[in-house]
Amino acid sequence: MSFSIAVVGGGPAGLLAAQRLAEAGHRVTVYEAQATVGRKFLVAGHGGFNLTNAEPLATFEAHYGATQPRFATYLSHFSPADLRQWATNLGIPTFVGTSGRVFPLAGYKPAQLLRAWLGRLQELGVELKTRHRWLGFAGANGLRLRDESTGQEFEIQPDATLLALGGASWRKTGSDGQWTTALANIGVTPTAFAPSNCGAEIQWSAFFREKVGRAPLKNIALRCGDQQVRGELLLTDYGVEGTPVYALTPALRTALAHNTPAPLLLDLKPDLSDAQLLQKLGQPRGGKSLAAFLTKTLHLGPPVPTLLREVAPPEATATPEALARLLRHVPLPVTRLRPLDEAISTAGGIPFAEVDDHLMLRRRPGTFVAGEMLDWEAPTGGYLLQGCFSTGAWAARGVLGWLEAQN
Ligand SMILES: Cc1cc2nc3c(=O)[nH]c(=O)nc-3n(C[C@H](O)[C@H](O)[C@H](O)COP(=O)(O)OP(=O)(O)OC[C@H]3O[C@@H](n4cnc5c(N)ncnc54)[C@H](O)[C@@H]3O)c2cc1C
């Protein structure tokens, strides 16, 4: 039997769900508010297009924090290997780069992958209705939509619905978070959106901003609370950004809820033991300036001396012991996270308590949810797109099971 299924939202979660549902023989229509689908998917492509990660599933799952047990299920249903196979089937081979990150092979562009995907959806008979904004629910099964090109509002009565409307960052891609009102109207209270995987603000002096501007600090470790992340930090005019900062946004958010500024600690020499660090700093300094001494003994050139002067009093660099302590714990006082619209992803959204094990809304049987509109977060490294694909596939499976049980 073939059913009519509405998928709302043409991001990776919605499109993957549409593909799975059409492959199962159903009539699928994707409603997308923007003039084109997959805008954030293409934006993700600008930064290297890290599709997933080749890390073993057991450790992969751990990146989903408190939602790990649920993601263990979603990931085993549509795994990182499945995602790579999916891309290969569309003619886009992938490769494993540093830290297990998976990318399309050199020369294959994100737009090519999206084009091939849309071609596959067309072959499967998926209908794409762009410039169609979902406005809310209508009766027990219906949806209210507006054709943005004519302004006309209308209702549809699909056999099942899958919502994949995204989070609330990078509004210009279409993920505007406006859907919360329609969900609130049926009694679903989304957890407040918050920026995830974003930069952190530090009130640098005008002198520091002018002198340092944007500067990378390689091979460092950053710590917030009991979490430590290695990587490359970028000092910017507003504060800090880069993979380790992004990974610490949940910890920083928690810390900021209790204290401002939040204590972010930078270890400039994580590969040296305390004893090694002290031994190097114990060498006679002669008449050398701090900058010259740090460059010679530890290869810590600019902007490190300026940074140390910015955040620590002179006595913190006065003795080898004090300097060793400081280099291990350079305080970076974070006053706030960057605004939501700039964030790579969004924390908050539909709480998992509002959906059943198949990602169906408890308050609205027959309506399923996938992707970033659910309340989960994960670091960069391929875990975001993988999470969207895997929840999309799992919700599609839920739709199929539900339709079967109803008929
Ligand atoms: C700069 C940047 C770089 C990134 N890089 C990576 C990366 O390298 N690797 C990675 O794993 N992830 C990356 N991400 C994250 C990834 O792109 C997102 O997690 C993913 O796109 C979310 O997918 P989604 O399908 O849940 O939602 P989205 O992609 O946000 O799609 C939701 C869709 O729903 C539509 N919509 C919203 N409201 C309505 C409505 N009322 N009616 C109809 N349609 C509606 C939107 O227009 C949009 O097309 C990056 C994100 C950004 C911003």
The condition of being assigned by TED's automatic domain parsing to the domain that holds Gly142, part of a loop (DSSP other than H, G, I, E, B), under 16 Å from the mean Cα position of the chain (by Cα) and at negative phi holds, among Pro365, Pro379, only for Pro379
Filter the range 120-134 for residues that are over 15 Å from Gln34 (Cβ atoms) and in contact with an Asp or Glu (Cβ under 7 Å, 6 or more places away or on another chain) and give the result. Leu124
So which residues in the range 257-279 are touching a helix residue (DSSP H, G or I) at 6+ places or on another chain (Cβ under 7 Å) and buried (at least 17 other Cβ atoms within 10 Å of the Cβ)? Ala262, Leu264, Asp267, Leu268, Lys269, Leu277
If you go through the range 215-256, how many residues are surrounded by fewer than 17 Cβ atoms within 10 Å (Cβ to Cβ) and among the charged types (D, E, K, R)? 5
Mind listing whichever residues of the range 265-295 are among the charged types (D, E, K, R) and under 36 Å from the mean Cα position of the chain (by Cα)? Asp267, Lys269, Asp271, Asp274
Exclusive hit being at pLDDT below 95, under 28 Å from the mean Cα position of the chain (by Cα) and at negative phi, set Tyr74, Tyr108: Tyr108
I want to confirm something. Restricting to the range 53-81 and keeping residues that are of a type outside the set (Gly, Ala, Ser) and free of Cβ contacts under 8 Å to residues at least 40 places away in the same chain, which single residue is least open to solvent (accessible area, probe 1.4 Å)? Glu61
Within the range 112-155, considering only strands (runs of 3 or more DSSP E) that don't extend past its boundaries, which have at least 1 residues that are open to solvent by 70 Å² or more (accessible area, probe 1.4 Å)? 127-129, 142-147
Residues being open to solvent by less than 10 Å² (accessible area, probe 1.4 Å) and more than 14 Å from the ligand (Cβ to nearest atom) - total across the range 368-406: 3
Of the residues in the range 5-33, those that are assigned to a loop (DSSP other than H, G, I, E, B) and surrounded by 20 or more Cβ atoms within 10 Å (Cβ to Cβ) come to Gly9, Gly10, Gly11, His26, Glu32, Ala33
Within the range 148-159, is there a residue that is under 29 Å from the mean Cα position of the chain (by Cα), more than 18 Å from Pro190 (Cβ to Cβ) and within 10 Å of the ligand (Cβ to nearest atom)? yes
Filter the range 82-105 down to residues that are in contact with a Gly (Cβ under 8 Å, 6 or more places away or on another chain) and in a helix (DSSP H, G or I) and give me whichever is least open to solvent (accessible area, probe 1.4 Å). Gly100
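The values are calculated or read from the model by the stated rules, or taken from the named source; none is laboratory data. Keep in mind it's a predicted model, so treat the numbers as computed, not measured. Here the Cβ is made from the backbone with ideal geometry for all residues, glycine too, and neighbour counts use every protein chain on show. When the accessible area is computed, the model is the full protein with side chains, heavy atoms only, and any ligands, DNA or RNA have been set aside. Shrake-Rupley method; radii C 1.70, N 1.55, O 1.52, S 1.80 Å.
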